Amino acid sequence: MTVQVLRKKTKQTLIEYLVEDADIIGDIVTASVLDVSRSDMLLALQNEVTAQQTKAAYDIVQKLMTGMPIQYVLGECYFYGLPIKIGKGCFIPRSDTELLVNNAIKRLLNGGKFADICSGSGCISKAVATHRPDVKGIALDYYPKPLEYSAINLSDCSNVEVKHFDALDEAEYKALGILDMIICNPPYIPTEDIIFLDTNVQFEPETALDGGEGGLKFYKAVIEYGSKRLNENGIFLFEAGIKQADDVEALLQEKGFITESMKDLGGILRVVIGTRQ
C-alpha cells in the first residue's frame, strides 16, 4: 500500500464516522505514523508503507471514532508554534488562547515576574518564557496531571517554576510575592452548561472546564486574592468565555482596575485586561 492509498482510506473512514475536520486530521494521522511533517508526507505519496505503519494508522482511527480528541491520541499538540505534550487529565490548549500570550509578551516589563494561574499543560508559560527570556514566571495548578505535563513542557524553560497551587485558597497567594502580571485562563464553563458540551470536549477533565455558577467562580477568587499580590502598575490578563467579558470587567472595576477587552478571530470578546490605576 502506498502513502497515498493509506491517506485516502484514513480520510474516508473518518468522514464516514463524521469525525470533525476529517480531511485535516487524516493528513495529521498519516504524517504521524510515518513520523514526518505533513509537507514531507505529501512529497512521499508514492512510497510504500509498512504493515506496522498501516496498523498504527488503524489504531489511531479506532480511537478517533470514539470521539477522543486527536491531541490525546497523539499525545502532543502545537501552541504558539511550540510542541506541547498533552494527555488525558490535562486540558487541551486552544488557538484562541494565543491572544492572551500575545498580550503577555507585549505588556510584561523588562525583567518582570508573572504568575500563570490554572496553568494546565503549561503552554501559556512556555510561550511567554520562550519569547521573553528576560522575565520570570510561576506556572500554578492544583491537579496532578496538569502539574505533570507542565513539568515536562517547561523542563527547558529555566525562567519558570512549576508549583502546586489552590486558586480558591487566599492563604496560598502570599507565597507568590509581588508580581507584575497575573495571567489566568481558568475553568469558565457554567456548571449548568457542562452537560451540553460536544462529545470530544467531554473527554477533557471536568475540573478544567467547570467554572461554577455562571462560570465566574475562579475569576472572583483570583481577582479578590490576586489583586493583593500585584504591584502598583500590575496587570491582570484573563481569558473569558462567550458573553463573560463584561462580567469579568465588572469584577476588576470593583477593585479599581482600568479594563479593556479584546476580540479573538471569531469576533468573541476573549481576553480581558485589568490594569491597576
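Laboratory data are not the source of any read-out in this text; all were calculated from the coordinates shown. Every value quoted in this text rests on a predicted model; they were computed, and no experiment measured them. Positions of Cβ are generated from backbone atoms using ideal geometry, with glycine treated the same way; all protein chains shown enter the neighbour counts.
Here are the numbers for this structure:
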quantity: Criterion (in contact with a Pro (Cβ under 9 Å, 6 or more places away or on another chain), farther than 30 Å from LEU14 by Cβ and crowded, with 17+ Cβ neighbours inside 10 Å) met by exactly one of SER125, SER119; calculated: SER119
quantity: Inter-residue pairs, beta-carbon under 8 Å, first without any contact (Cβ under 8 Å) to a residue 60 or more places away in the chain and in segment 160-185, second assigned to a loop (DSSP other than H, G, I, E, B) and hydrophobic (A, V, I, L, M, F, W, C), 6+ apart; calculated: VAL160/LEU154; VAL162/LEU154; ALA167/CYS118; GLU172/PHE165
quantity: Flag if ARG107 is surrounded by fewer than 23 Cβ atoms within 10 Å (Cβ to Cβ), under 19 Å from ASP180 (Cα atoms), in contact (Cβ under 8 Å) with a residue 12 or more places away in the chain and in contact with a helix residue (DSSP H, G or I) (Cβ under 7 Å, 6 or more places away or on another chain); calculated: no
quantity: Qualifying positions in segment 70-92 - closer than 18 Å to VAL29 by Cβ, surrounded by fewer than 20 Cβ atoms within 10 Å (Cβ to Cβ) and in contact (Cβ under 8 Å) with a residue 40 or more places away in the chain; calculated: LEU74, GLY87
quantity: All positions within segment 213-250 that are of a type in the set (Gly, Ala, Ser) and either in a loop (DSSP other than H, G, I, E, B) or in contact with a Gly (Cβ under 6 Å, 6 or more places away or on another chain) (or both); calculated: GLY215, SER227, ALA240, GLY241
quantity: Condition met for GLY137 (on the phi > 0 side of the Ramachandran plot and in contact with a helix residue (DSSP H, G or I) (Cβ under 8 Å, 6 or more places away or on another chain)); calculated: no
quantity: Scan of segment 140-197 for residues that are of a type in the set (D, E, K, R), assigned to a strand (DSSP E or B) and more than 17 Å from TYR219 (Cβ to Cβ), ordered by number; calculated: GLU161, LYS163, ASP180
quantity: Test: residue in segment 124-136 that is touching a His at 6+ places or on another chain (Cβ under 8 Å) and either farther than 24 Å from LEU230 by Cβ or in a helix (DSSP H, G or I) (or both); calculated: no
quantity: Segments classed as helices (runs of 4 or more DSSP H), wholly inside segment 15-81, with at least 2 members that are charged (D, E, K, R), at negative phi and under 24 Å from the mean Cα position of the chain (by Cα); calculated: 22-34
quantity: LYS217 vs. criteria more than 20 Å from VAL248 (Cα to Cα) and either out of contact with any helix residue (DSSP H, G or I) (no Cβ under 8 Å at 6 or more places or on another chain) or buried (at least 18 other Cβ atoms within 10 Å of the Cβ) (or both); calculated: no
